[in-house]
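The values are calculated or read from the model by the stated rules, or taken from the named source; none is laboratory data. Remember, predicted model here, so these are calculated numbers, not experimental data. For neighbour counting, all protein chains shown are included, and Cβ atoms are generated from backbone atoms with ideal geometry for every residue, glycine included. These accessible areas exclude ligands, DNA and RNA; they are computed on the full protein's heavy atoms, side chains included. Shrake-Rupley method; radii C 1.70, N 1.55, O 1.52, S 1.80 Å.
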Amino acid sequence: MLKFHHIGCLSENIDDSMETYKKLYNTDKVSRKIFIESQGVYVCFVEMPGGGFLELIQPVNEDSVVARLKKKGFTYYHIGYWVKNVKETITELESLDFKFINIFQSEAFGGRTCAFLYSPEMHLIEIMEEE
């Protein structure tokens, strides 16, 4: 049902964070910086050794959805998964007591449908529709 893609990590300065993780992972496999208008953030993806990505997320301003999390000291805050069909997966996850938050089209994934949900333990997940 879910296929791991990334861990979302808030950053004060995405450019500095990119440099840190490029050195840590000894890689140049970093996406370009992408503006996600609906969320009010810049993101980029750094490929992690062993698979998956670290999604670096920088709030654009204090009104950003994640700016409040950053102020509270949260950094690693969600896990992203590929799914075949976002709407069907939302229904399946809700039957497992996940709580739906929102659905949107993401510039980070070529306009594909994505959604955020909380697990029964209040862990935030993002699901993104595969091609």
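Residue check: residue 117 meets all listed conditions (1) in a helix (DSSP H, G or I); (2) surrounded by 14 or more Cβ atoms within 10 Å (Cβ to Cβ); (3) of a type outside the set (D, E, K, R); (4) free of Cβ contacts under 8 Å to residues at least 40 places away in the same chain but one, namely (1). Go through the residues of the stretch 87-104 one by one and say whether even a single one is free of Cβ contacts under 8 Å to residues at least 60 places away in the same chain, under 17 Å from the mean Cα position of the chain (by Cα) and closer than 18 Å to residue 4 by Cα. Within the stretch 87-104, one or more residues are free of Cβ contacts under 8 Å to residues at least 60 places away in the same chain, under 17 Å from the mean Cα position of the chain (by Cα) and closer than 18 Å to residue 4 by Cα.
When residue 58 is tested against (1) within 22 Å of residue 73 (Cα to Cα); (2) among the polar types (S, T, N, Q); (3) out of contact with any Asp or Glu (no Cβ under 8 Å at 6 or more places or on another chain), just one condition goes unmet, and that condition is (3).
Condition test on residue 43, is it within 22 Å of residue 115 (Cα to Cα), without any contact (Cβ under 8 Å) to a residue 60 or more places away in the chain and of a type in the set (A, V, I, L, M)? Against the criterion (within 22 Å of residue 115 (Cα to Cα), without any contact (Cβ under 8 Å) to a residue 60 or more places away in the chain and of a type in the set (A, V, I, L, M)), residue 43 does not qualify. Listed here are the strands (runs of 3 or more DSSP E) enclosed by the stretch 1-101 that have at least 1 residues being of a type in the set (D, E, K, R), at negative phi and loosely packed, with under 15 Cβ neighbours inside 10 Å: 3-10. For the stretch 66-101, filtering for residues that are of a type in the set (S, T, N, Q), at pLDDT 95 or above and in contact with a strand residue (DSSP E or B) (Cβ under 8 Å, 6 or more places away or on another chain) leaves 2. Residue count for the stretch 102-112 under the criterion of being open to solvent by less than 30 Å² (accessible area, probe 1.4 Å) and in a strand (DSSP E or B): the result is 2. Per the listing 107, 55, 62, the residue uniquely among the charged types (D, E, K, R), under 14 Å from the mean Cα position of the chain (by Cα) and under 17 Å from residue 12 (Cβ atoms) is 55.
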